[in-house]
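The values are calculated or read from the model by the stated rules, or taken from the named source; none is laboratory data. Because the structure is a prediction, the values reported are computed rather than measured. Cβ sites come from the backbone with ideal geometry, for glycine too, and all protein chains shown count toward neighbours. The area values use the complete protein model at the heavy-atom level, side chains included, leaving out ligands, DNA and RNA. Shrake-Rupley method; radii C 1.70, N 1.55, O 1.52, S 1.80 Å.
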Amino acid sequence: MTDARLTLGPLLFNWPAERYRDFYYRIADEAPVDRVCLGEVVCSKRTPFVQDSLPSIIDRLESGGKEVVLSTLALPTLDREMKYTAGLASSGRTLEINDVSQIALVRGRPFHVGPLLNVYNEATVEYLAALGACAIALPPELSRPSIAAIAAASRRATIEVWAFGRVPLAISARCYHARVHNLTKDSCQFVCERDADGLTVETLDAQGFLAINGVQTLSHTYCNVIDDVVDLARTGVASFRLSPHSCDMVAVATTFRSVLAGKLGADEAMHQLSELKTGAPFSNGFVHGTAGAACV
Amino acid sequence: MPPEAGASLEIVCPAGTPAALRTAVEAGADCVYCGFRDETNARNFPGLNFDRAEMRNGIEFAHRHGAKVLIAINTFPRAGDLTPWHRALDDAAAMGTDAVILADIGLLAYAAQRHPDLRLHLSVQAAAASAESIRFYVDAFGVKRVVLPRVLSVAEIAQVNAAIPCETEVFAFGGLCVMAEGRCSLSSYATGKSPNMHGVCSPASHVVYREQGGELVSRLGGFTINRVPRDAPVAYPTLCKGRFQTAFGAGYLFEEPASLDARRILPELRDAGVKALKIEGRQRSRAYTKAVVSAFRAAVDALKRGEPIQDGQLGEFTEGQRATCGAYLKTWR
């Protein structure tokens with residue numbers, strides 16, 4: 001049994017506003033997670049659609065006993081994107097930053113660091129912690145020895161590890177969803193909304209490989225470290241991140257919670273997660289220091 | 001920071017070997033960048049890079065010919081094992097390098113504290129894509145130059161330059177990353193080896209070619225990256241330049257095999273306030289170095305004299321014999 005916590009990461013995909021709201025209402029009422037990250041991380045063109053429902057979602061999540069953190073854009077370059085993030089910072093809520101440009105907005109008060117900011121070692125953790133970082137989600141490509149070394153060395157910031165969901169692998173100026181549909185980023189018609197978990201990319205041999213989500217590229221596989229969470233928690237990892245998908249995320253959270261609480265064995269937990277019908281295999285290669293696509 | 005009037009664009013050239021360093025300097029490079037022979041730099045390829053003595057000699061040779069040497073220590077140090085990166089930095093400083101090129105926040109902090117007089121450049125691997133990001137690195141560590149990630153248009157580069165207190169360097173020729181550099185783990189997803197941690201992308205050790213049904217299939221770490229008819233030219237299977245398929249058809253979903261060639265937009269880049277032009281390719285041949293550096297020397301000199309820039313002649317050094325201006329033109333997105 002461990003006292004590690006569960007974080008629901010920000011939804012990375014573009015869901016219709018109603019689905020978005022209903023998803024978070026259910027999380028608020030039913031999911032055994034400690035913290036929920038809200039906000040658009042991938043593409044600033046999507047932000048207007050869910051903006052109106054955020055206050056009621058935040059209320060509901062807090063009523064459900066969840067800590068709410070606002071996540072920020074991963075690759076802001078435009079003035080309006082900077083202003084949008086500055087607006088989030090001025091709300092007074094804790095921000096989880098995903099780009100170095102946002103440090104100036106949060107320094108001197110407690111903030112979180114998301115998995116899309118490059119934190120590969122204890123020296124970087126220490127530098128960010130001195131600026132006020134109190135929770136740091138590590139990049140998903142780190143292996144157990146690196147995770148353990150960072151967790152052991154981090155005195156001020158708690159350490160989180162990517163535990164469930166398609167892994168964000170890359171971000172670009174170019175929108176691949178638009179490109180697939182012969183559109184450009186500026187005239188994208190929001191085609192990314194059609195793929196609730198990203199658009200599957202196969203090799204020419206029809207092997208599942210990646211998933212396109214606008215300017216972001218994710219893994220085809222769903223990372224799933226249920227076999228490793230108890231071991232990772234023993235190394236000092238304080239929380240585990242579940243990334244939202246269209247599968248039953250309440251069930252995912254419940255399963256992880258049961259394993260961390262010592263009430264469910266890893267084999268039975270894996271069996272439960274296999275029943276989710278994600279449409280893609282699981283992987284855990286990154287934690288095991290090999291190709292991320294592998295399932296060890 | 002706008003460059004002073006009449007200033008020439010600086011040409012920053014790759015050198016994977018001591019011979020390439022000499023070739024680059026003799027062909028007219030203002031600066032040469034290189035790395036130590038280990039995982040501390042982002043071109044950690046077999047047979048490439050410099051041991052300590054070679055680096056010392058290279059710096060001496062470059063300085064004698066009026067050129068500078070920049071040492072790239074631009075991977076992200078491994079947790080629990082920072083020593084190789086610290087030693088690389090200490091050695092670079094002791095050798096009298098003109099600057100080091102760094103990406104990791106922890107390593108930048110170490111450099112600023114231990115070597116306050118050492119000139120720091122921010123590697124493209126830090127993906128500082130905005131004035132706000134760049135100001136963080138300048139304020140925190142005294143960074144003097146930032147290599148911009150290949151996600152900004154020329155107009156955006158001009159806006160960034162107007163709002164920052166340091167120089168910028170942009171990629172002008174060579175292999176084109178389509179993802180924000182330093183924010184990409186596609187390679188480690190397929191192979192376990194990544195640019196950020198190991199200094200490699202789509203490593204040759206994980207590439208397999210095989211013939212199948214009259215086609216040549218190129219694979220990387222168990223994934224097919226492309227198939228071409230047996231007699232057709234085959235590009236190296238860099239993951240993001242492969243052909244893949246979705247429910248909407250097959251094709252180069254991320255980018256066609258193509259190389260960046262920014263010669264025709266050099267006037268715009270200069271007017272946008274760019275200080276230096278970076279040529280990619282520490283892993284490329286001396287013939288490449290000589291041809292590309294000479295062509296850029298001619299282009300930059302022509303620009304300075306107000307003459308038209310000739311932009312032919314480098315076709316054989318581009319991927320797929322195809323050149324692009326990439327993200328510098330907004331239509332690329």
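For the protein assembly as shown, with all protein chains present and a 1.4 Å probe, just round the carbon and sulfur fraction of the accessible area to a whole percent. Don't jump to the answer; show the numbers that get you there.
Values: 11080 of 22390 Å².
Taking all protein chains in place, the protein assembly as shown shows 49 percent carbon and sulfur surface.
Tell me: how much accessible area in total is hidden between B and A, 1.4 Å probe, Å², nearest 100? Don't skip to the end; give the middle numbers.
Working: alone 14760 and 12850 Å², together 22390 Å².
Result for this pair: about 5200 Å² buried.
Using a 1.4 Å probe and counting only protein heavy atoms, arrange A:25, B:209, A:120 so the residue with the most accessible area comes first.
Details: A:25 50, B:209 105, A:120 10 Å².
The most accessible residue leads, giving B:209, A:25, A:120.
Counting alpha carbon pairs within less than 8 Å and at least 6 residues apart, what relative contact order, in whole percent, applies to the stretch B:254-333?
52 percent
Springs between alpha-carbon pairs under 10 angstrom, Gaussian network model over chain A: which of A:241, A:166, A:194 fluctuates most?
Fluctuation is largest for A:194.
Average projected area of the Cα convex hull of chain B, in nm²? It would help to have the intermediate numbers written out before the result.
Values: hull surface 69.2 nm².
That works out to 17.3 nm², a quarter of the Cα hull's surface.
Between residue A:267 and residue A:234, how high is the FRET efficiency from 1/(1 + (r/R0)^6) when r is the Cβ-Cβ distance and R₀ = 30 Å? Nearest 0.05. Show your work: numbers first, answer last.
Values: r = 19 Å, r/R0 = 0.63.
Efficiency at R0 = 30 Å is approximately 0.95.
Which of the residue pairs B:68/B:330; B:144/B:330; B:144/B:304; B:193/B:304; A:45/B:193; A:83/B:193 have a Cα-Cα distance greater than 31 Å in the structure shown?
On the way: B:68/B:330 33 Å; B:144/B:330 28 Å; B:144/B:304 24 Å; B:193/B:304 42 Å; A:45/B:193 33 Å; A:83/B:193 37 Å.
Check vs 31 Å cut-off fails for B:68/B:330; B:193/B:304; A:45/B:193; A:83/B:193.
Enter the mean projected area of the convex hull around the alpha-carbon atoms of the protein assembly as shown, in nm², rounded to one decimal.
Details: hull surface 104.6 nm².
With the hull built on Cα positions only, its mean projection is 26.2 nm².
Quick one: dipole size for the stretch B:186-251, taken about the Cα centre, charges +1 on Lys/Arg Cβ and -1 on Asp/Glu Cβ, in debye to the nearest 20.
Working: 7 positive and 3 negative charges, 18 e Å.
Once rounded to the nearest 20, the dipole reads 80 debye.
Whole-Hz Karplus ³J(HN,Hα) for the stretch B:246-260, in order, using 6.51 cos²θ - 1.76 cosθ + 1.60 and θ = phi - 60°, x for Gly and Pro?
Karplus values, whole Hz, x for Gly and Pro: 10, 4, 9, x, 10, x, 7, 5, 9, 6, 5, x, 7, 10, 6.
Just need the relative contact order of the stretch B:200-277 here, percent rounded to a whole number, with Cα pairs under 8 Å and 6+ apart.
Values: 85 pairs, mean separation 13.3, N = 78.
Result for the stretch B:200-277 is 17 percent.
Averaged across the residues of A:75-88, what count of C-beta atoms belonging to other chains lies within 10 Å of each residue's C-beta?
Working: counts 9, 4, 13, 3, 3, 0, 1, 3, 0, 0, 1, 1, 0, 0.
Across the residues of A:75-88, the mean count of other-chain Cβ atoms within 10 Å is 3.
For a quick check of understanding: with a 1.4 angstrom probe and all protein chains in place, what accessible area in square angstrom does residue B:252 have, to the nearest ten?
Roughly 70 Å² of residue B:252 is accessible to a 1.4 Å probe.
Mind giving me the nanometre distance, one decimal, between the label points for residue A:1 and residue A:277, set 7 Å out from Cα along Cα→Cβ?
Here the modelled spin labels are 3.5 nm apart.
Go through the stretch A:220-233 residue by residue and turn each phi into a ³J(HN,Hα) via Karplus (6.51, -1.76, 1.60, θ = phi - 60°); whole Hz please, and just put x for glycine and proline.
6, 6, 9, 4, 8, 9, 4, 5, 10, 5, 5, 4, 5, 4
Give me the 1.4 Å probe accessible area per residue for the stretch B:214-333, excluding ligands and nucleic acids, in Å².
Working: 5170 Å² over 120 residues.
Ligands and nucleic acids excluded, the result is 43 Å² per residue.
Report the charge-dipole magnitude of the protein assembly as shown in Debye, nearest 20, computed about the Cα centre from +1 at each Lys and Arg Cβ and -1 at each Asp and Glu Cβ. The partial results should precede the final answer.
Numbers: 65 positive and 67 negative charges, 170 e Å.
I would put it at about 820 debye.
Out of residues 5 or more away from residue B:33 or on other chains, whose amide H comes under 5 Å of its own, with H placed 1.01 Å from N in the peptide plane?
B:13, B:15, B:70
Is there a quick way to get the dipole size of the stretch B:87-133? I mean about its Cα centre, with the Cβ of Lys and Arg at +1 and of Asp and Glu at -1; what is the value in debye to the nearest 20?
Numbers: 3 positive and 6 negative charges, 10 e Å.
Dipole about the Cα centre, nearest 20: 40 debye.
Of A:207, B:312, B:148, which is farthest along the charge dipole of the protein assembly as shown in the positive direction, counting Lys and Arg as +1 and Asp and Glu as -1 at C-beta?
Value computed over the given set: B:312.
Taking R0 as 35 Å, what's the FRET efficiency between residue A:34 and residue B:114 from their Cβ-Cβ distance, rounded to 0.05? Before the final figure, lay out the partial values.
Numbers: r = 40 Å, r/R0 = 1.13.
So the FRET efficiency works out to roughly 0.30.
Just how much of residue B:176 is accessible, in Å², when a 1.4 Å probe is used and the result is rounded to the nearest 10?
Its accessible surface works out to 10 Å², give or take rounding.
Just grab the label-to-label distance for residue A:52 and residue A:83, each label 7 Å out from Cα along the Cβ direction, in nm (one decimal).
My value for the distance between the label points is 2.1 nm.
Before anything else, pin down the relative contact order of the stretch B:18-121: Cα pairs under 8 Å, at least 6 apart, normalised by residue count, whole percent. Write out the running numbers ahead of the final one.
Working: 154 pairs, mean separation 26.6, N = 104.
The normalised contact order for the stretch B:18-121 reaches 26 percent.
Using θ = phi - 60° and the Karplus relation 6.51 cos²θ - 1.76 cosθ + 1.60, list the HN-Hα couplings for the stretch A:235-240 in order, rounded to whole Hz, with x at every Gly or Pro.
These are the phi-based 3J(HN,Hα) values: 6, x, 5, 8, 8, 10 Hz.
Could you work out, residue by residue across A:196-203, how many beta carbons of other chains sit within 10 Å of that residue's beta carbon, and then give the average as an integer?
Numbers: counts 0, 0, 0, 4, 3, 7, 7, 14.
For peptide A:196-203, the averaged partner shielding equals 4.
Do the sum for chain B: with -39,500 (n - 2.57) for every DSSP H run of n ≥ 4, divided by all residues, what is the mean residue ellipticity at 222 nm, to the nearest 500 deg cm²/dmol? Write down the numbers at each step before the final one.
Details: 10 runs with 101 residues, N = 333.
Helix-only estimate at 222 nm: -9000 deg cm²/dmol.
Round to the nearest 10 and report in Å² the accessible area of residue A:205, as given by a 1.4 Å probe over the protein chains' heavy atoms.
My reading of the accessible area for residue A:205 is about 60 Å².
So for A:184, B:289, what's the accessible-area order with a 1.4 Å probe, most first? Spell out each step's value before the answer.
Details: A:184 60, B:289 5 Å².
Largest accessible area first, the list is A:184, B:289.
Counting only residues 5 or more places away or on other chains, whose amide H sits under 5 Å from the amide H of residue A:159 once H atoms are built in the peptide plane?
A:136, A:238, A:239
Counting only residues 5 or more places away or on other chains, whose amide H sits under 5 Å from the amide H of residue A:283 once H atoms are built in the peptide plane?
A:222, A:223, A:224
I'd like the mean, over residues of B:193-202, of how many other protein chain beta carbons sit within 10 Å of each residue's own Cβ.
Taking the mean over all residues of the peptide, I get 2.
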